[in-house]
Amino acid sequence: MNHLATNFYEAASVILFGIGFMNLLLQNNLIKKFIGLNIMDTAVYLFLAAKGYIFGRVAPILTNGVVDADYYINPVPAGLVLTGIVVSVSVTAFSLALVQRLYKHYGTLNMDEIMKLSREEEGE
Amino acid sequence: MAHVNFVHNIPFFSIFLAMFCGIITPLVKNGRTARKIHGTMVFIIMILSAILLLNVSENRETFTFMMGHFPAPWGNELRAGPLEALMALTFSAVMFLTVMGGSEFIYKEVVPEKQNLYFIMLNALFGAMLALVYTNDIFTAYVFIEINTIASCALIMAKGTAQAMVGTTHYLVISLLGSGLFLLGVCILYSITGHLLMPQMKEAVVQLMATGDYHFPLLVVTGFMFIGIAIKSALFPFHSMLPGAYGAAVPTSSAILSGLVLKSYIILGIKLVYGVFSVDVMHQLKIVDVLFVFGLAGMVMGSLYAMRETRMKRMLAYSSVAQIGYIYMGIGLGTRIGMTAACFHILAHAITKTMLFVCCGQMVEDSGNKEQIFYLKGAGLRNPLAGIGFTAGALSMVGVPLTAGFISKLYFASASVYAPGKMAAVLVVLAISMILNALYFLPSTIAIWTPKKTEVQEKPAPISVSPAFGIAVVLFIVANITLGIWYRPFIHIIEMGISLLQ
């Protein structure tokens, strides 16, 4: 319990990850499904950003001549977050384009109904 | 090292060339020109990978290639040894033959304006698979996993039918669940080890195991990463995305996805086993046993699903589930010889399944685009070449001697002897699975050689087979039999590669 209180950012991000994961897995509405994907990815970025920041230190940009490494935070996690955001943007764009085409064809966003209609089409 | 060997640039150059071809392909509007660019690129990479393989296996060496300006603990690296070079060579050879044999499907089934886009995705996919084979940095691996996902989804939906879109959605959702888990695993692992490069990570993991710090997070991380990879590579019970996607896609896409893309994730997994977690840690955390059990379950369940299936392409998709089960079973043995068998099965399955999909696609097309096995009766007589290719592939899947499939099953069986406690399970399940394989492959093979009775015995209209398809099928069969007879050099290279990975 004590661990949860000291690592509350990480705990929150893992809970958010779970919410997003279950949404992506179980949600029937396709748009909400991919919102779940975004929650899941964002949770990971929160985790990285929280882990990457150490209280009282600053971004590693030399402004006042301090070269001691203890004064700065590690820039790599922030870089990873940026890379991850690019990845999740492209995946989201792709999935939304796909959802749009499915909607044009079937007229619904409900995955169950789409599966049913698709099976009927196949059976013809 | 002051002197940079020319050969050491090959891994980077291969990935770069594939990605570069993906970038320049939009400039050509014509699918056939795009196909030529793609074919040339894959052929060049095949030659380069062969040179790399000869070089590293002769010197028994493994090397890292620094990407960018920062050296080891901070920068990004590629790493190549005999195993990586062999996999790159296999991937490029299989890719070349598949696109050669399957290009007619692309021209017929993809809208003409979008054919060049299809090849962009194929180039990106190939680049991403090579990157997964060569990378030494775990976050780079994640990024290329996502590129792989998007490109493979685009290849599935290229046909543009509603079925293809539904299949793509299913594939996309399951894949994203897998990559999400992998990403979270990478982030937690990074936060407890402080490194992203595999060798440094391994040192930290071994140290953590020795001191007992972060034992629980480490367990969770291995769980996340291997479940992620298992989902991506469609290990049973995460296989539900395969049949819909492969059944609806262009046969060329199905062939590449099942023969190569699934394998690229498994190779990443093998690199994680040796490069990050080390075999001892895998044993201590019992991950190998979990993979072993799911592998065994997949071997049986995949075949059972395949037996129920009446449509040919979906049957092949379920058969892939069973074959992925074999590979995980080999990894799950937790011994070096088990891993060798698994790696050999990756080669054997890559060349066999792609041939099956291409021949199956051709027979379905000859039979009026009906893929139920009932309609495929006599398809082998209508198009003997596709029929022979399918038969050879089916025999290899069942494990008839002189084919590649036989050797991998032989090696699985002999590997089980060295894994105490697992031998009985492996031998029993292997026997059951081979019988089940025979039970669904032989009826479909007999069906394609049985003439339709109701058909009036008129001479069927001659079916034009493109010479490229013929050459590809012949080369596939030759490759399969080569692996089945002269398997020793391949096994030798795999063994050397695995010992150098450690």
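Conditions (1) among the hydrophobic types (A, V, I, L, M, F, W, C); (2) over 22 Å from B:THR149 (Cβ atoms), marked per residue:
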position	(1), (2)
A:GLN27	no, no
A:LYS32	no, no
A:LEU46	yes, yes
A:ALA49	yes, yes
A:TYR53	no, yes
A:PRO60	no, yes
A:THR63	no, yes
A:ASP68	no, yes
A:LEU82	yes, no
I need the full set of residues from segment A:89-100 which are farther than 14 Å from A:GLN27 by Cβ, facing another protein chain (nearest Cβ under 7 Å) and surrounded by 16 or more Cβ atoms within 10 Å (Cβ to Cβ), in order please.
A:VAL91, A:PHE94, A:LEU98
How about segment B:277-301: which of its residues are farther than 18 Å from B:PHE412 by Cα, assigned to a helix (DSSP H, G or I) and not polar (S, T, N, Q)?
B:PHE277, B:VAL279, B:ASP280, B:VAL281, B:MET282, B:HIS283, B:ILE287, B:MET301
All but one of (1) in contact with a helix residue (DSSP H, G or I) (Cβ under 7 Å, 6 or more places away or on another chain); (2) open to solvent by 80 Å² or more (accessible area, probe 1.4 Å); (3) assigned to a helix (DSSP H, G or I) hold for B:LYS29; which doesn't?
(3)
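This table checks each residue for (1) open to solvent by 50 Å² or more (accessible area, probe 1.4 Å); (2) of a type in the set (Ser, Thr, Tyr); (3) in a helix (DSSP H, G or I).
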position: B:TYR418; (1), (2), (3): yes, yes, no
position: B:ALA424; (1), (2), (3): yes, no, yes
position: B:SER433; (1), (2), (3): no, yes, yes
position: B:SER444; (1), (2), (3): no, yes, yes
Kindly provide the set of residues from segment A:3-18 that are open to solvent by less than 80 Å² (accessible area, probe 1.4 Å) and within 12 Å of another protein chain (Cβ to nearest Cβ), ordered by number.
A:ASN7, A:GLU10, A:SER13, A:VAL14, A:LEU16, A:PHE17, A:GLY18
Of the residues B:SER240, B:SER264, B:SER258, which is within 14 Å of chain A (Cβ to nearest Cβ) and closer than 28 Å to B:LEU304 by Cα?
B:SER240
Looking at (1) assigned to a loop (DSSP other than H, G, I, E, B); (2) open to solvent by less than 40 Å² (accessible area, probe 1.4 Å); (3) not small (Gly, Ala, Ser), which is the only condition B:HIS195 fails?
(2)
Tell me, please, whether a residue that is part of a helix (DSSP H, G or I), in contact with a Phe, Trp or Tyr (Cβ under 9 Å, 6 or more places away or on another chain), closer than 19 Å to B:PHE182 by Cβ and at the interface with chain B (Cβ under 10 Å from one of its Cβ atoms) can be found in segment A:102-117.
no
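Mind counting the residues in segment A:29-56 that are over 20 Å from B:LEU189 (Cβ atoms) and either in contact with a Phe, Trp or Tyr (Cβ under 8 Å, 6 or more places away or on another chain) or in contact (Cβ under 8 Å) with a residue 12 or more places away in the chain (or both)?
Of the residues in that region, 10 qualify.
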Of everything in segment B:372-413, what is open to solvent by less than 30 Å² (accessible area, probe 1.4 Å), charged (D, E, K, R) and either part of a loop (DSSP other than H, G, I, E, B) or within 23 Å of B:ALA248 (Cα to Cα) (or both)? Give them in sequence order.
none
Of the residues B:ILE44, B:ILE10, which single one is in a helix (DSSP H, G or I) and open to solvent by less than 60 Å² (accessible area, probe 1.4 Å)?
B:ILE10
Per-region count, segment A:25-45, residues within 11 Å of another protein chain (Cβ to nearest Cβ) and open to solvent by less than 60 Å² (accessible area, probe 1.4 Å)
13
Taking segment A:53-78 and keeping only residues that are more than 8 Å from every other protein chain (Cβ to nearest Cβ), part of a helix (DSSP H, G or I) and in contact with a Gly (Cβ under 9 Å, 6 or more places away or on another chain), one is left with A:ALA78
Give the residue that is nearest to B:ILE138 (Cα to Cα), with candidates limited to residues of segment A:59-84 that are exposed (fewer than 13 other Cβ atoms within 10 Å of the Cβ) and aliphatic (A, V, I, L, M).
A:LEU82
Considering only segment B:163-170, I want to know if a residue exists there that is touching a Pro at 6+ places or on another chain (Cβ under 9 Å), at pLDDT 90 or above, more than 10 Å from chain A (Cβ to nearest Cβ) and assigned to a helix (DSSP H, G or I).
no
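The values are calculated or read from the model by the stated rules, or taken from the named source; none is laboratory data. Not measured: the values here are computed from a predicted model. Quick reminder, even Gly has a Cβ in these numbers, built from the backbone with ideal geometry, and neighbours come from all protein chains shown. Note: accessible area is taken over every heavy atom of the protein model, side chains too, but ligands, DNA and RNA are not part of it. Shrake-Rupley method; radii C 1.70, N 1.55, O 1.52, S 1.80 Å.
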